[in-house]
Amino acid sequence: MKRILFAAALALISVAAAHAEYGDVVLNDRSEAGGQRPVIFPHWLHRTVFKCQVCHAELGFKMKIGANRISMGDVYRGRYCGECHDGKTSWAIEDNCGRCHSGKMGTP
């Protein structure tokens with residue numbers, strides 16, 4: 001049931017350029033350099049479904065700003081976000097770039 005609610009909440013997120021909201025994590029250390037909009041990660045939304053240990057222990061996300069040097073290659077190989085966004089556990093990353101890369105250019 002939690003996964004269904006999570007999927008429904010994600011479906012409501014617009015793919016238009018957005019500002020980060022309180023509780024969101026902005027990933028922009030590589031995005032703009034690669035010609036993409038910054039990633040706006042809805043931490044609060046994921047936290048409503050998963051315990052901290054899922055991402056920060058099992059998937060390897062470090063709890064320090066700037067410590068996670070995530071590349072799209074990592075994600076496509078099933079690391080970090082790609083562990084769940086595989087088309088089975090949750091929606092696949094292919095052809096859904098704007099769902100993550102939704103920030104306004106220049107967002108720190």
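No lab work stands behind these numbers, since they all come straight from the coordinates. Since the structure is predicted, the reported quantities are computational estimates derived from the model, not experimental observations. Don't worry about glycine lacking a Cβ; one is built from the backbone with ideal geometry, like all the others, and counts go over all protein chains shown.
Structure above, values below:
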item: Mean Cβ neighbour count within 10 Å, used as a protection proxy, ranking 53-65, 35-47 highest first; result: 35-47, 53-65
item: Cα shape, region 35-108, gyration tensor, a/c 1.5 rule; result: rounded
